[in-house]
Amino acid sequence: MNPILSKLLVDIAKKRLEKNQASKPVSQKEIVPLVRNYQVELTHAVKEYLYIIVGVFSAGFGLKGFLLPNSFIDGGATGISLLLENITSLNLGVLLIIVNLPFIFLASKTIGKKFAIKSIIAISLLAIVVHFVHYPTVTDDKLLIAVFGGFFLGSGIGLSMRGGSVIDGTEVLAIYLGRKLSLTIGDVLLLINIIIFSAGAYVLSIETALYAILTYLSAAKTVDFVVDGVEEYVGVTIISNKHKEIKFMLTNKLRRACTIYAGKGGYGTSGESFDKDIIYTVVTRLELAKLHTEIDKIDRKAFTIMGIVKDLRGGMIKKKPMKAH
């Protein structure tokens, strides 16, 4: 890391420790782990905001280069905004913020304030890009508009998710309603989009609504591809020599339940073995960025295995919002 930046982080850590323990001097041993935490947080924050910025410009290209010039709509909050843009005099950038605000408020209650703040930043940036950045109109072929407009929009949504935010808030609503109504998140999203496409068929035309469905399918598949096939929930298995610290972080800092398996590790030519706990937990894909950051703070060499959890019933997942520290 840059020496100037490293020195700045050391000074910040020292001041924070001096403030918290004014009665005794701060030792180098106390400063080092705090500085390391700051370095991890800074590195992850830069990476996540790069994902968000690239995602916003990709979504902007999908909207202004394909969908907007040809009066196409999509699913989700973006589709609602596009539909309202066609029947009102309001600018799409303004509508994106207005339509997503209720979903972001819901996200602050169900996922966490840090996630909500990042999503507000991402959506506001998208509104600015849509309003001020000029994109060329690529084609007037309706099939290409639906497929590639959905592709670039889906890329933007997926990259924003990898950055720990959303630029389309209906997924947050789907997570919330899925718990309340005992439905899968996919079912809730399908119901929401059926309503949007039906409104599109009534206000615009049936042909436009059919192309909108194609746009939505293209965007949805692209989102899945960008986030490596991660569905609504992700099962995470963590194997680390610092399993006690990781368990404490999950249960006390992030307020997530976890299951502990007694395991044995084997390595070397003679098969030396050692005992260690294997940790298993389940999070939503919107929380993966935060989980990776916290694991890296404790053990950069932790062996992490992630698998798709198609559906989930019972347990304590998502009963409380994940804490942001």
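The values are calculated or read from the model by the stated rules, or taken from the named source; none is laboratory data. Keep in mind that this is a model prediction, so the values were computed, not measured. Here Cβ is always computed from backbone atoms with ideal geometry, including for glycine, and neighbour counts include all displayed protein chains.
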Within region 130-147, of all residues that are surrounded by fewer than 21 Cβ atoms within 10 Å (Cβ to Cβ) and not in a loop (DSSP other than H, G, I, E, B), the one modelled with the lowest pLDDT is His131
Flagged pairs (Cβ under 6 angstrom, 6 or more apart or on separate chains; first in region 220-235, farther than 21 Å from Ile279 by Cβ; second small (Gly, Ala, Ser) and at pLDDT 70 or above) are Thr222/Gly154; Thr222/Ser155; Val223/Gly154; Val223/Gly158; Val226/Ser155; Val226/Gly158; Val227/Gly158
Pick from region 283-305, criterion among the aliphatic types (A, V, I, L, M), at pLDDT 90 or above and surrounded by 17 or more Cβ atoms within 10 Å (Cβ to Cβ), ranking: farthest from Phe103 (Cα to Cα): Ala302
Looking at (1) modelled with pLDDT of 90 or more; (2) touching a Phe, Trp or Tyr at 6+ places or on another chain (Cβ under 8 Å); (3) over 30 Å from Val46 (Cβ atoms), which one does Leu214 not meet, given that it meets all the others? (2)
Which condition does Asp168 not pass, out of (1) touching a Gly at 6+ places or on another chain (Cβ under 9 Å); (2) part of a helix (DSSP H, G or I), if it passes all the others? (2)
Restricting attention to region 173-188, and to residues there that are touching a residue at least 60 places away in the same chain (Cβ under 8 Å) and part of a helix (DSSP H, G or I), which single residue is surrounded by the fewest Cβ atoms within 10 Å (Cβ to Cβ)? Arg179
Restricted to region 222-252, and to residues that are at pLDDT below 85 and charged (D, E, K, R), which residue is surrounded by the fewest Cβ atoms within 10 Å (Cβ to Cβ)? Asp228
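Rundown of residues vs (1) over 17 Å from the mean Cα position of the chain (by Cα); (2) among the β-branched types (Val, Ile, Thr), yes/no style:
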{"position": "Ile117", "(1), (2)": "no, yes"}
{"position": "Ile120", "(1), (2)": "no, yes"}
{"position": "Leu126", "(1), (2)": "no, no"}
{"position": "Val147", "(1), (2)": "yes, yes"}
{"position": "Gly150", "(1), (2)": "yes, no"}
{"position": "Gly156", "(1), (2)": "no, no"}
{"position": "Val166", "(1), (2)": "no, yes"}
{"position": "Gly178", "(1), (2)": "yes, no"}
{"position": "Ile192", "(1), (2)": "yes, yes"}
Across region 11-42, which residue is farthest from Ile167 (Cα to Cα) among those that are free of Cβ contacts under 8 Å to residues at least 60 places away in the same chain and within 28 Å of the chain's Cα centre (by Cα)? Pro33
For the condition more than 24 Å from Leu191 (Cβ to Cβ) and in a loop (DSSP other than H, G, I, E, B), what is the one hit in Leu68, Leu90, Leu34, Leu50? Leu90
Exactly one of (1) touching a Ser or Thr at 6+ places or on another chain (Cβ under 7 Å); (2) outside the structural domain of Val188 (by TED's automatic domain parsing) is unmet by Tyr38. Its number? (1)
Being modelled with pLDDT under 90, loosely packed, with under 13 Cβ neighbours inside 10 Å, assigned to a loop (DSSP other than H, G, I, E, B) and of a type in the set (S, T, N, Q), is that true of even one residue in region 255-274? yes
Kindly indicate which of Glu41, Glu48 is under 20 Å from Val227 (Cα atoms) and charged (D, E, K, R). Glu48
For the structure I just gave you, tell me whether Ile73 is in a loop (DSSP other than H, G, I, E, B), under 21 Å from Val133 (Cα atoms) and touching a Gly at 6+ places or on another chain (Cβ under 6 Å). yes
